[in-house]
1. What Kirkwood Rh does the range 30-180 have if only Cα atoms enter the pairwise 1/r average? Answer in Å.
2. For LYS90, which aspartates and glutamates qualify as cross-link partners when the Cα separation must be under 17 Å and same-chain residues fewer than eight apart are set aside?
3. Just grab the label-to-label distance for HIS159 and GLU89, each label 7 Å out from Cα along the Cβ direction, in nm (one decimal).
4. Could you compute the net charge surrounding PHE106? Neighbours are other residues with a C-beta less than 14 Å from the C-beta of PHE106; K and R count +1, D and E count -1.
5. Would you mind ranking TRP48, TRP94 by Cβ crowding within 10 Å, fewest neighbours first?
6. Please report, in whole Å, how far the alpha carbons of the range 107-187 spread along each principal axis, starting with the longest.
7. How far apart, in nm, are the 7 Å Cα→Cβ label points at LYS109 and ALA176?
8. Taking the Cβ-Cβ separation of PHE98 and GLU57 as r and a Förster radius of 30 Å, what is the calculated FRET efficiency to the nearest 0.05?
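Bear in mind these aren't lab numbers, they're just calculated from the coordinates by the rules spelled out. These numbers come from a predicted model, not from an experiment. Methodologically, a virtual Cβ is constructed for each residue, glycine included, from the backbone with ideal geometry; neighbour enumeration extends over all protein chains shown.
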Amino acid sequence: MRQSRREFVKAGGFAFAGFALLPSRRLFSAAALEVIEMRSDALGSRVWFDPIGLHVEPGTTVRWIVRENVHTATAYHPRNDHHSLRIPEKAAPWDSGFLVKPGAHFDVKLTVPGIYDYYCAPHEAAGMVGRIIVGKPLGPGGEPFDYWVGKPGTRAWRHVPDAARNAFPTVGRILAERRVSPAGSRK
């Protein structure tokens, strides 16, 4: 049985028809995506994340993309080879595993506000680290690097190497600039 125009309007048909005609950007907000490149010079003697510091809103997806060399994107968390906790306590840790080919990538959606420090497993000692602030700068990532020493359950945790400690951009700089490129990086 076919519905008359009057019956269609009474049933709210124009409300649905109008909804279908709205541009899609009004119906759904596109999820934010931020890209961090995993870089190296030709010899592999210099390695870095670009940007090294990033400020995003909760719900942003961060994508790490290999441009050269072999890298990982790994959260500072005890589940990752006993590293000290430097991401929000309620956030899930991540480890991309080895990304080998240029263009290979790894994504993480960051929803818990706070500071997220991460490293490249084969290049941490060379200072290949990064810091992401999601919303407000909260949590262990804002503490001194050795805040955990002497606390119960932390005996097996590993210290952040000096080269890595010295490479992190400050929280203040990330908040001011939103995207911090590493010193001496080439675009």
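1. 15.3 Å
2. Counting by Cα, and skipping residues close in sequence, LYS90 has these aspartates and glutamates nearby: GLU57, ASP117, GLU143.
3. Here the modelled spin labels are 2.5 nm apart.
4. After counting each charged neighbour, the total is 0.
5. Lowest to highest Cβ neighbour count: TRP94, TRP48.
6. Per principal axis, max minus min of the Cα coordinates gives 43, 28, 25 Å.
7. So the two model labels end up 3.4 nm from each other.
8. Computed FRET efficiency for PHE98 and GLU57 comes out at 0.50.
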